[in-house]
Amino acid sequence: MNNGTRGVVLVGHGGIPKGYPSDRVTRLKRLEAQRRAAGMPMSEEEHDLDQQIRQWPRTPETDPYQAGLELLAAHLKPLMQGAHFSTAYNEFCAPTLAEAIEKQIADGAKDITVVSTMFTPGGSHSEYEIPEDMADLRKAHPGVTLTYAWPFDLGKVAAMLAEHITQCQRDPAGKGV
């Protein structure tokens, strides 16, 4: 496939923006837990609360997680050789994975790879939610190839971390905390 039809979506967890009412977060998480336990679709109330938090105004100061993911995306995008590129969030932040993929499809992407920032196994987002979302999107778009670049090779992740540790040990006043 040519780069004009390739796409990449970098998906991160998402964070609660500073200043967002905590009682709404509590209510949203309670409704989500009840829905998952019952195996039911999202209620109108849960959907409304989910949309409110995802659309809440953000700045790097009020949502450093979003700012960090966007900074990582800015470094990754040029390495993707002209592929459609976007970010998505599992919760609390927009766009959702489905929204990001739908936009890339609308823009002409036919072969989309999703990569998570969650490297380690065991998380519900990376192991269950993302694959479930992608299964639904594959059914809705049978002419589009959707690939989930997960799980990560933990040996390669460990090598990257070891290299970073070594750099920080050489220059403790530089990149280290």
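The values are calculated or read from the model by the stated rules, or taken from the named source; none is laboratory data. As the structure is a prediction and not an experimental result, all values here were calculated from the model. In this analysis, Cβ positions are derived from the backbone assuming ideal geometry, glycine residues included, and neighbour counts consider all displayed protein chains.
Here are the numbers for this structure:
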{"quantity": "Pair list, Cβ under 7 Å, 6 or more apart: the stretch 39-67 residue touching a residue at least 60 places away in the same chain (Cβ under 8 Å), other residue in a loop (DSSP other than H, G, I, E, B)", "calculated": "none"}
{"quantity": "Candidates 74, 94 - the one that is surrounded by 16 or more Cβ atoms within 10 Å (Cβ to Cβ), among the small types (Gly, Ala, Ser) and free of Cβ contacts under 8 Å to residues at least 60 places away in the same chain", "calculated": "94"}
{"quantity": "Condition check for residue 161: free of Cβ contacts under 8 Å to residues at least 24 places away in the same chain, surrounded by 11 or more Cβ atoms within 10 Å (Cβ to Cβ) and under 20 Å from residue 13 (Cβ atoms)", "calculated": "yes"}
{"quantity": "Long-range neighbours under 7 Å by Cβ, at least six apart or interchain, first residue without any contact (Cβ under 8 Å) to a residue 60 or more places away in the chain within the stretch 113-132, second surrounded by 14 or more Cβ atoms within 10 Å (Cβ to Cβ)", "calculated": "119/152; 121/127; 121/151; 126/116; 126/118; 126/150; 129/90; 131/148"}
{"quantity": "Among (1) touching a strand residue (DSSP E or B) at 6+ places or on another chain (Cβ under 9 Å); (2) at pLDDT 95 or above - the single one residue 75 does not satisfy", "calculated": "(1)"}
{"quantity": "Scope the stretch 114-142; condition crowded, with 18+ Cβ neighbours inside 10 Å, not polar (S, T, N, Q) and not in a helix (DSSP H, G or I); matching residues", "calculated": "114, 118"}
{"quantity": "Condition met for residue 146 (over 28 Å from residue 20 (Cα atoms) and part of a strand (DSSP E or B))", "calculated": "yes"}
{"quantity": "Pairs, first closer than 29 Å to residue 146 by Cβ and basic (Lys, Arg) in the stretch 1-26, second buried (at least 20 other Cβ atoms within 10 Å of the Cβ) and modelled with pLDDT of 95 or more, C-beta under 6 Å, six or more apart", "calculated": "6/83"}
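Rundown of residues vs (1) within 15 Å of the chain's Cα centre (by Cα); (2) over 19 Å from residue 92 (Cα atoms); (3) of a type in the set (A, V, I, L, M), yes/no style:
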position	(1), (2), (3)
121	no, yes, no
130	yes, no, yes
135	no, yes, yes
145	no, yes, no
148	yes, yes, no
151	yes, yes, no
161	no, yes, yes
